[in-house]
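The values are calculated or read from the model by the stated rules, or taken from the named source; none is laboratory data. Predicted, not measured: the structure shown is a model, and the values here were computed from it. For neighbour counting, all protein chains shown are included, and Cβ atoms are generated from backbone atoms with ideal geometry for every residue, glycine included.
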Amino acid sequence: MSPNQRKEDDSGGGPPAPERLPNHVAVIMDGNGRWAKRRGLPRHAGHRAGVDSVRSIVEQCAKYRIPFLTVFAFSSENWQRPQQEVSLLMDLFMSALKREAKRLCRNNVRLRVIGDLTAFSDKLCSSIREAEQTTAESTGLLLQVAANYGGRWDITQAARSLARQAVQGDIDPDAITDETLSAALAFSQVPDPDLFIRTGGEQRLSNFLLWQAAYSELYFTDTLWPDFDAAAFAAALAAFAKRQRRFGRTGDQVIDASPDRVV
Ligand code: FPP
């Protein structure tokens, strides 16, 4: 852990005020393999432990009343892993969907799976649809699971869809704006992530939410994903609460516009 991170993580006690909490948290869940290796276990044991951490962060988001959570379960590049690991990850994904859907529903969590699902087996696609349907009426947290997702894939499919509409004469190319492209992304209908967490010590975006993370606050921690517990999440929230989000403005402008500014 870097000295900066230690300073950031020092929450000073108590959870942040609700208005200092993120609306949308996105997570790259890295470190499952190393967690397993350190214990002399096969890599898939780390992925299995990683599912427990997903359950825990879902509960934490519900506890803090954070409305949107997006987790990166399988990237478009993860197909390059050894065939056995890919197939164990698919099995794990399927069994977790079957096992967790009812629990999510009981906890008023809605599940949405996002990514290029055409590469998945029919069996997995129908498990995904079933789990989404089981939780469709939930009105609490929206849990988005990115599977066979890549930020470049997302931008490309949005561009392709807009180009198709332009060719058909349904949209004027000059009328395409930031908002039009955003609306064509797989992650439309949800606000951009405010807090982008990556566990496992690496400090990169790995082709996750490239467009949507333009103004996300990045939080990197050495904690391996299976060890990312309630205290680790609280530390990330405390660090986020201390950030000044300027969106291109100056620090003074942000202070002047702050609703809790004392005049
Ligand atoms: C990265 O760790 C993790 C993954 C590629 C898979 C993450 C998947 C899960 C936690 C299961 C999620 C399941 C559901 C239902 C959402 P790594 O294997 O790259 O770890 P390493 O860097 O230590 O090798």
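Tabulated data for the structure shown
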{"read-out": "Segment 1-25 - residue that is at pLDDT 95 or above and part of a loop (DSSP other than H, G, I, E, B) and, of those, farthest from the ligand (Cβ to nearest atom)", "value": "Leu21"}
{"read-out": "Flag if Ile28 is within 9 Å of the ligand (Cβ to nearest atom), among the aliphatic types (A, V, I, L, M) and touching a Phe, Trp or Tyr at 6+ places or on another chain (Cβ under 7 Å)", "value": "yes"}
{"read-out": "Among the residues listed as Leu195, Leu185, Leu181, Leu210, the single one being under 17 Å from Ile114 (Cβ atoms) and within 13 Å of the chain's Cα centre (by Cα)", "value": "Leu210"}
{"read-out": "Check on Gly46, within 21 Å of the chain's Cα centre (by Cα) and within 15 Å of Ile197 (Cα to Cα)", "value": "no"}
{"read-out": "Some residue of segment 90-111 being under 19 Å from the mean Cα position of the chain (by Cα), of a type outside the set (Val, Ile, Thr) and within 30 Å of Thr180 (Cβ to Cβ)", "value": "yes"}
{"read-out": "Which listed residue, of Asp174, Asp170, is assigned to a helix (DSSP H, G or I), out of contact with any Leu (no Cβ under 8 Å at 6 or more places or on another chain) and farther than 24 Å from Trp35 by Cβ", "value": "Asp174"}
{"read-out": "Qualifying positions in segment 110-128 - of a type in the set (Lys, Arg) and surrounded by fewer than 13 Cβ atoms within 10 Å (Cβ to Cβ)", "value": "Lys123"}
{"read-out": "Evaluation of Ala147 against (1) free of Cβ contacts under 8 Å to residues at least 60 places away in the same chain; (2) small (Gly, Ala, Ser); (3) under 23 Å from Ile66 (Cα atoms) (one fails), failing number", "value": "(1)"}
{"read-out": "From the options Val263, Val254, residue that is among the β-branched types (Val, Ile, Thr), surrounded by 12 or more Cβ atoms within 10 Å (Cβ to Cβ), farther than 20 Å from Tyr64 by Cβ and modelled with pLDDT under 95", "value": "Val254"}
{"read-out": "Any hit, segment 37-46, residues being in a helix (DSSP H, G or I), at pLDDT below 95, surrounded by fewer than 16 Cβ atoms within 10 Å (Cβ to Cβ) and more than 8 Å from the ligand (Cβ to nearest atom)", "value": "no"}
{"read-out": "Residue match in segment 241-249 (condition: touching a strand residue (DSSP E or B) at 6+ places or on another chain (Cβ under 6 Å), polar (S, T, N, Q) and in a loop (DSSP other than H, G, I, E, B))", "value": "no"}
{"read-out": "Yes/no for Ile155 being within 15 Å of the ligand (Cβ to nearest atom) and either surrounded by 13 or more Cβ atoms within 10 Å (Cβ to Cβ) or not basic (Lys, Arg) (or both)", "value": "no"}
{"read-out": "Test result for Leu69, modelled with pLDDT of 95 or more and in contact with a strand residue (DSSP E or B) (Cβ under 9 Å, 6 or more places away or on another chain)", "value": "yes"}
{"read-out": "Unmet requirement for Ala62, which otherwise passes all of (1) within 13 Å of the ligand (Cβ to nearest atom); (2) part of a helix (DSSP H, G or I); (3) surrounded by 13 or more Cβ atoms within 10 Å (Cβ to Cβ)", "value": "(1)"}
{"read-out": "Selected residue (criterion: farthest from the ligand (Cβ to nearest atom)) from residues of segment 197-239 that are farther than 21 Å from Val51 by Cβ and part of a strand (DSSP E or B)", "value": "Glu217"}
